[in-house]
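Encoded as C-alpha cells, the structure appears first; notes follow it.
The values are calculated or read from the model by the stated rules, or taken from the named source; none is laboratory data. Just so it is clear, the structure is predicted and the values come from calculations on it, not from any experiment. All Cβ positions, even for glycine, are placed from backbone atoms using ideal geometry, and neighbour counts span all protein chains on display.
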Amino acid sequence: MPPIPPVGQGASLPPPIPPHVLKEFEEHRRREQARIGAFGQIRPMVHLPDYAGYRFVGVRNRLYYSKKWRFFADFLFDYGTERLGKARLRELDLKRRADRTKSRRLPPH
C-alpha cells in the first residue's frame, strides 16, 4: 500500500469541465432566466410527460401519477380536488350557483 501524503501535499486539482457541459449549464441558466422573466419567482413545473403510459408530476415532496392525464391542466384539476376535498368543492360550487342566480333576477317594478 503506498504511503498517504500529508494534508495539502500531493492534492491535485479536479479535471477541467468539458466545454459541452459548460455550454449546457449556460443554456439552462438562460432558459431559467426566461422562465423567471415570464412567470416570476415561482417554482418550476416538475413533470415527466410520459413513462410507461403514466404521467408523473412532482409537488413539494410528493410524486403524483395517472394514466388519465393528457395535459398538465388535467393534473391541476385532480390536485385541486384532492387538496380542497370534494365536500369543499361542492360547497363552493353551490355558493357560486346561488350568486349567479341572484345576479340574473330582475329587480321588481
- Tell me, please, whether a residue that is closer than 21 Å to TYR79 by Cβ, modelled with pLDDT of 90 or more and of a type outside the set (Val, Ile, Thr) can be found in the stretch 20-33. no
- Note on the structure: Cβ pairs under 9 Å, 6+ apart or interchain, first in the stretch 43-63 and closer than 11 Å to PHE75 by Cβ and without any contact (Cβ under 8 Å) to a residue 40 or more places away in the chain, second among the small types (Gly, Ala, Ser) and surrounded by 12 or more Cβ atoms within 10 Å (Cβ to Cβ), ordered by first then second residue, are MET45/GLY58; HIS47/GLY58; ARG55/SER66; PHE56/SER66; VAL57/SER66
- Message: For the stretch 55-75: of the residues being in contact with a strand residue (DSSP E or B) (Cβ under 6 Å, 6 or more places away or on another chain) and not in a strand (DSSP E or B), which is nearest to ARG43 (Cα to Cα)?
- Response: PHE75
- Note on the structure: Within the stretch 39-54, residues part of a strand (DSSP E or B) and within 14 Å of the chain's Cα centre (by Cα) come out as VAL46, HIS47, LEU48, PRO49
- Please find, among ASP93, ASP78, the residue that is of a type in the set (Asp, Glu), surrounded by 10 or more Cβ atoms within 10 Å (Cβ to Cβ), outside any loop (DSSP other than H, G, I, E, B) and touching a residue at least 12 places away in the same chain (Cβ under 8 Å). ASP78
- Looking across the stretch 48-95 at residues that are of a type in the set (Lys, Arg) and within 21 Å of ARG35 (Cβ to Cβ), the single one that is modelled with the lowest pLDDT is ARG60
- Message: Please go through (1) surrounded by 10 or more Cβ atoms within 10 Å (Cβ to Cβ); (2) out of contact with any strand residue (DSSP E or B) (no Cβ under 8 Å at 6 or more places or on another chain); (3) modelled with pLDDT under 85 for MET45 and return the number of the only condition it doesn't satisfy.
- Response: (2)
